[in-house]
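Here's the structure, in structure tokens; my notes come after.
The values are calculated or read from the model by the stated rules, or taken from the named source; none is laboratory data. Fair warning: this is a prediction, and the values are worked out from it, not measured in the lab. Using ideal geometry, Cβ is built from the backbone for each residue, glycine included, and neighbour counts are taken over all protein chains shown.
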Amino acid sequence: MSPLPNLDTSRISTVVPATPRGENHGEHNLNYMDLLMKLHYIRTIHLFDSEAVQSLPFSDLKAPMFPLLDSCRHVSGRIRISESGRPFIKCNDAGVRIAEWQCDKTLREWMDEKEYSVDGLVYDHVLGPDLAFSPLVFVKFTYFKCGGLSVGLSWAHILGDAFSAFSFITKWSDTLAAQPPPKSLHMPNLTKHKSLSNSITDYPISVKKATLVDKYWLAANDSYVATHTFHITFKQLHHLATTFKSTDTHTKYFEIISAMIWKCIAQIRGDYGPRVVTISTTNVSNGVENEFSRNDFVLSRVETNLSPGESNLSELVNLIAEKKMNENHVLKKLMEESDVKGDFVVYGAKLTFVDLEEGDFYGVKINGKKPVMVNCDIRGVGDEGVVLVLPGPEDNDGNNGRMVTISLPGKELDQLKGKLEKEWGIQYYSRLGC
């Protein structure tokens, strides 16, 4: 995918905070984790049917952005580089970009053709080449021929993690529903299931040095990395849990799904199968809500001396659940020693599993209606690949499956599709009831 913007939208405009501040511009300092993630971008879509949209005009969708940006002004700022070389955000109210696109397909036709992909529904943006003029956020509204709507977000990861991105869109929908925007935005209050293992002290494996693409904040890949989303139904989740035969009631579906995919990818890669992987989990150690917008997660390594492809599922699940080694401390040290000037790849430096399943991503509503589908992927993934696990839509019984979005080198992804269907009954694409 080209780092240059995709200009297939019919209309692009800029939204700034509702309250002008004149020349009283502030600065938003970036911490080590923000800067570590600067080459990555979070992309989300929320798809609504025509009953939810009820022919809402574009002006009504755009209007809530103005007061929303009052509560998070750095989101509409621009990157600057200090004399020491450290990036920061100048809160100059330069704004976020809003794109409107009219699609000549129905929502059903689009999904049958594109499946669950975010491509085409999210504005294709990266920071650069002129950072002073590069928006940190794009929101793209796509109207379908049937009256349905997609709300697509492209979010520079330097602003905050995936929960921050989803929180931003949730607060937009709250404001759309005439709820006053908060003075500050907050992350979901997640449940802490297990404590993480002790921090490691050696060099972190969860990052690697990056080669930049020209003057853009985007890393180059050695191979073509493709992305595909699998919908795992609640019935299939139950089957996976039964196969695992866990006696631990706290075992998460994320851990079982990650173990299954780790095992499959190891078999595909053969002797080169990954014996070390990275686990990204939300930082809930303090038991309190985290302030919006920040990169507040834990990167951990999981290692095994055994072949993951030959291990049984329970062994890999227990490794992921019990043997994570927190790398945040050494990551901070690495950034401090490099004077935060280094460029790193995090997602895909090693095979990376991202736990998003606790998020209330269906809390975004239009006219009181939930989206029929939500998805998320990450741009800037390294060659080892990344797996995101997030909630799926509710079925007729009110149960949630999982959306599993996987980015891997193209040939490996094709093989994985076949293995998941043949061995686990997980199809390439299963229609949602929308």
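Reported count of residues in segment 52-87, each being part of a loop (DSSP other than H, G, I, E, B) and not hydrophobic (A, V, I, L, M, F, W, C), is 11.
Looking across Leu68, Leu39, Leu47, Leu61, one residue alone is under 14 Å from Leu149 (Cβ atoms) and touching a Phe, Trp or Tyr at 6+ places or on another chain (Cβ under 8 Å). It is Leu61.
The sole residue among Asp395, Asp355, Asp414 that is of a type in the set (Asp, Glu), within 19 Å of His239 (Cβ to Cβ), surrounded by 14 or more Cβ atoms within 10 Å (Cβ to Cβ) and not assigned by TED's automatic domain parsing to the domain that holds Lys171 is Asp395. Just wondering, is there one or more residues in segment 360-375 that are within 17 Å of the chain's Cα centre (by Cα), at positive phi and not basic (Lys, Arg)? No - not one qualifying residue is present in segment 360-375. In this entry, Leu408 is excluded by the filter for residues that are aliphatic (A, V, I, L, M) and over 20 Å from the mean Cα position of the chain (by Cα).
Taking segment 339-381, which residues are basic (Lys, Arg), closer than 30 Å to Ser84 by Cβ and at pLDDT 95 or above? Selection gives Arg379 alone.
Each row is one residue, and each column tells you yes or no for (1) assigned to a loop (DSSP other than H, G, I, E, B); (2) closer than 21 Å to Met403 by Cβ; (3) at pLDDT below 95; (4) of a type in the set (A, V, I, L, M).
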| position | (1), (2), (3), (4) |
| --- | --- |
| Ile89 | no, no, no, yes |
| Arg97 | no, no, no, no |
| Asp104 | yes, no, yes, no |
| Asp112 | no, yes, yes, no |
| Ser117 | yes, yes, no, no |
| Val126 | yes, no, no, yes |
| Pro129 | yes, no, yes, no |
| Pro135 | yes, no, no, no |
| Phe138 | no, no, no, no |
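So that you can scan it fast, the table gives a plain yes or no per residue for (1) more than 20 Å from Val404 (Cα to Cα); (2) in a loop (DSSP other than H, G, I, E, B):
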position: Asn295; (1), (2): yes, yes
position: Arg301; (1), (2): yes, no
position: Leu306; (1), (2): yes, yes
position: Ser311; (1), (2): yes, yes
position: Ile320; (1), (2): no, no
position: Lys332; (1), (2): yes, no
position: Asp339; (1), (2): yes, yes
position: Glu358; (1), (2): no, yes
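Go through segment 320-341 and report how many residues are without any contact (Cβ under 8 Å) to a residue 40 or more places away in the chain, surrounded by 14 or more Cβ atoms within 10 Å (Cβ to Cβ) and of a type outside the set (Gly, Ala, Ser). Residues meeting the conditions: 1. Applying the criterion of being under 14 Å from Gly273 (Cβ atoms) and among the charged types (D, E, K, R) to the residues of segment 292-314, the residue that is surrounded by the most Cβ atoms within 10 Å (Cβ to Cβ) is Glu303.
Put simply, of Val96, Val118, Val126 the only residue that is among the β-branched types (Val, Ile, Thr), out of contact with any Pro (no Cβ under 6 Å at 6 or more places or on another chain), farther than 19 Å from Ser50 by Cβ and crowded, with 17+ Cβ neighbours inside 10 Å is Val118. What do you reckon, is Phe344 surrounded by 23 or more Cβ atoms within 10 Å (Cβ to Cβ), aromatic (Phe, Trp, Tyr), under 15 Å from the mean Cα position of the chain (by Cα) and outside the structural domain of Arg86 (by TED's automatic domain parsing)? Against the criterion (surrounded by 23 or more Cβ atoms within 10 Å (Cβ to Cβ), aromatic (Phe, Trp, Tyr), under 15 Å from the mean Cα position of the chain (by Cα) and outside the structural domain of Arg86 (by TED's automatic domain parsing)), Phe344 does not qualify. Which of (1) part of a strand (DSSP E or B); (2) modelled with pLDDT of 95 or more; (3) not aromatic (Phe, Trp, Tyr) does Glu384 not meet, given it meets every other one? With respect to (1) part of a strand (DSSP E or B); (2) modelled with pLDDT of 95 or more; (3) not aromatic (Phe, Trp, Tyr), Glu384 is out only on (1).
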